[in-house]
Amino acid sequence: MKHISILGSTGSIGTQALDVIRQFPGKLKVVALSGHTNINLLIEQVREFKPEIVHVSEDKNLEDLKNAIKTSGTKLITGKEELINIATYPKSDMVLSAIVGFAGLIPTIEAIKAGKDIALANKETLVVAGDLVMDLAAKHNVNIIPVDSEHSAIFQCMQGEDYDMVRRIILTASGGPFRTTDLKKLQKVSVKDALNHPNWSMGNKITIDSATMMNKGLEVIEAYHLFKIPPFKIEVIVHPESIVHSLVEFKDRSIKAQLGLPDMRVPIQYALTYPDRAKNTFEEFSFTKYAALHFEQPDIKRFPALDIAFEAIRRGGNTPCIINAANEIAVNAFLKEKIRFMQIPKIVEETMESATPCVNPSINDLLETDIESRKIAEELIK
Ligand code: NAD
Ligand code: MG
């Protein structure tokens, strides 16, 4: 039995993870959950999964949660600092890091320090602090198993292979809702249009990131750290069907790909059961339904975020942290209709140019960089 803690159990990844866990009562058990604002869903989850401990960061409707869990024996903790107790809960073997954004960083680091294996959905952790996090994981002998579908695909392709024999890795991107929208129209797209992803149903932040292709930029940085592969060996190809989840080409020109329907439960399950596979009841893939698969070059003019991410790797230090913070602020402002869609990458780039660079940042330096970059991005938005 593997005991799991979930950081962000009420989100898109969190709820799909619980759907996976529900299928394997003899293999996977939830011991700790954390939610943020969706108390009603958290109450349902506590009732069904009876975790030993649950954390909620906001105080609204706390009484409801307290009353609901009175009889379940679940311990309730609150407050921002207390979230660490879910990440380091002594009885858990693995932590699913599924909070969105920078907020996931510190709990993930604490989980690693406590020796927990990590199923990593929160890509921002590696974007912001990839060097530090990967070093810590090595030091504490912790496995970081990717949940992100592209990275799960590469990780699966690499089983039994030698990283020295990799010629390049190819991340696929759906291209999002604006893959074929021309530049002029892109200036005027609405929040509703941007949230309408063709293949995946995800949280709002990553859905907007997919529309700007910043998501793919963040994933390039994530892959760079996870697989310790130089950026010139990482390529992005647009694949509108989202069936080929990513590919690895080896030096003998053999290419391995991992395929399947766009269903996040598959990579979530792989991460939770790794190194085993387990039989499930998900929908079967039909080759005739997907008789043709397409691949195209990403258009950097319409999707500059991809270039910004490669530039952030090139500059190194705290630059990826800067672009992450600016992007979180810009995406939020777009969701609140304070800025237009194409201003998102502009704000990210301008913040990258004006925030204070730091060559070899510590965690404290990164926390400072995050605060400074958010301020700069907010000023730009004003
Ligand atoms: P979401 O918005 O649906 O869920 C986020 C979760 O984090 C919720 O449980 C929320 O309560 C919690 N949360 C948010 N802010 C918090 C804070 N400040 N403190 C504590 N908890 C907080 O997001 P999601 O789509 O599930 O994405 C989660 C992570 O997984 C992101 O990093 C995303 O990039 C990554 N990811 C998601 C998908 C997907 O299909 N949704 C795919 C690949 C990677
Ligand atoms: Mg992805």
Residue check, Lys123 within 22 Å of Asn215 (Cβ to Cβ), basic (Lys, Arg) and modelled with pLDDT of 95 or more = yes
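Regarding the stretch 187-199, can at least one residue be identified that is over 24 Å from Gln16 (Cβ atoms) and surrounded by 18 or more Cβ atoms within 10 Å (Cβ to Cβ)?
First, the residues of the stretch 187-199 that are over 24 Å from Gln16 (Cβ atoms): 187-190, 193.
Subset that is surrounded by 18 or more Cβ atoms within 10 Å (Cβ to Cβ): 189.
Yes, because at least one residue in the stretch 187-199 is over 24 Å from Gln16 (Cβ atoms) and surrounded by 18 or more Cβ atoms within 10 Å (Cβ to Cβ).
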note = Per the filter on the stretch 1-55, residues surrounded by fewer than 22 Cβ atoms within 10 Å (Cβ to Cβ), of a type in the set (Gly, Ala, Ser) and within 20 Å of the chain's Cα centre (by Cα) are Ser12
query = Which condition number does Asn199 fail, the rest of (1) within 14 Å of ligand 1 (Cβ to nearest atom); (2) within 21 Å of Val127 (Cα to Cα); (3) not aliphatic (A, V, I, L, M) being met?
reply = (2)
remark   = The residue from Asn204, Asn143 that alone is away from ligand 1 (no atom under 11 Å from the Cβ) and farther than 19 Å from Ala309 by Cβ is Asn143
request  = Among the numbered conditions (1) aliphatic (A, V, I, L, M); (2) loosely packed, with under 15 Cβ neighbours inside 10 Å; (3) over 21 Å from Ile118 (Cα atoms), tell me where Ala278 comes up short.
outcome  = (3)
inquiry  = I'd like the full set of residues that are out of contact with any helix residue (DSSP H, G or I) (no Cβ under 8 Å at 6 or more places or on another chain) and at pLDDT 85 or above, limited to the stretch 52-66.
reply    = Glu52, Lys66
query = Out of the residues in the stretch 216-248 that are within 14 Å of ligand 2 (Cβ to nearest atom) and not hydrophobic (A, V, I, L, M, F, W, C), which is farthest from Lys289 (Cα to Cα)?
reply = Glu222
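Pull up the stretch 112-136, narrow it to residues that are of a type in the set (Gly, Ala, Ser) and touching an Asp or Glu at 6+ places or on another chain (Cβ under 9 Å), then point me to the one that is farthest from ligand 1 (Cβ to nearest atom). Give the steps one after another, and end with the answer.
Within the stretch 112-136, the subset of a type in the set (Gly, Ala, Ser) is 114-115, 119, 121, 129-130.
Filter once more, keeping what is touching an Asp or Glu at 6+ places or on another chain (Cβ under 9 Å): 121, 130.
On the way: Ala121: 3, Gly130: 14 Å.
Checking each candidate, the answer is Gly130.
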ask   = For the subset of the stretch 70-111 comprising residues that are in a loop (DSSP other than H, G, I, E, B) and in contact with a helix residue (DSSP H, G or I) (Cβ under 8 Å, 6 or more places away or on another chain), which member is modelled with the lowest pLDDT?
value = Ser72
task = Spot the failing condition for Phe178; the list is (1) assigned to a helix (DSSP H, G or I); (2) away from ligand 1 (no atom under 13 Å from the Cβ); (3) buried (at least 19 other Cβ atoms within 10 Å of the Cβ), and only one is missed.
result = (1)
query = Being of a type in the set (Phe, Trp, Tyr), under 29 Å from Ala278 (Cβ atoms) and in contact (Cβ under 8 Å) with a residue 24 or more places away in the chain, is that true of even one residue in the stretch 87-99?
reply = yes
ask   = Picking from Val189, Val127, which residue would you name as being in a helix (DSSP H, G or I) and either closer than 27 Å to Ile339 by Cβ or away from ligand 2 (no atom under 16 Å from the Cβ) (or both)?
value = Val127
Any pair with Cβ under 7 angstrom, 6 or more apart, that starts in the stretch 125-149 at a residue that is of a type in the set (Gly, Ala, Ser) and ends at one that is more than 10 Å from ligand 1 (Cβ to nearest atom) and not in a helix (DSSP H, G or I) = Ala137/Ile144; Ser149/His245
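Please give the strands (runs of 3 or more DSSP E) falling wholly within the stretch 210-320 in which 3 or more residues are without any contact (Cβ under 8 Å) to a residue 40 or more places away in the chain, touching a Phe, Trp or Tyr at 6+ places or on another chain (Cβ under 7 Å) and among the acidic types (Asp, Glu). Talk me through it step by step, then tell me what you get.
On the way: elements: 234-238, 244-250, 255-259.
The strands (runs of 3 or more DSSP E) meeting that bar number zero.
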Output for the stretch 40-82, where each listed residue is near ligand 1 (Cβ under 10 Å from one of its atoms) and hydrophobic (A, V, I, L, M, F, W, C) = Leu41, Leu42, Val56
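The values are calculated or read from the model by the stated rules, or taken from the named source; none is laboratory data. Bear in mind that the values here come from a model prediction, so they are computed numbers and not experimental data. Please note: Cβ atoms are built from the backbone with ideal geometry, for glycine as well, and neighbour counts cover all protein chains shown.
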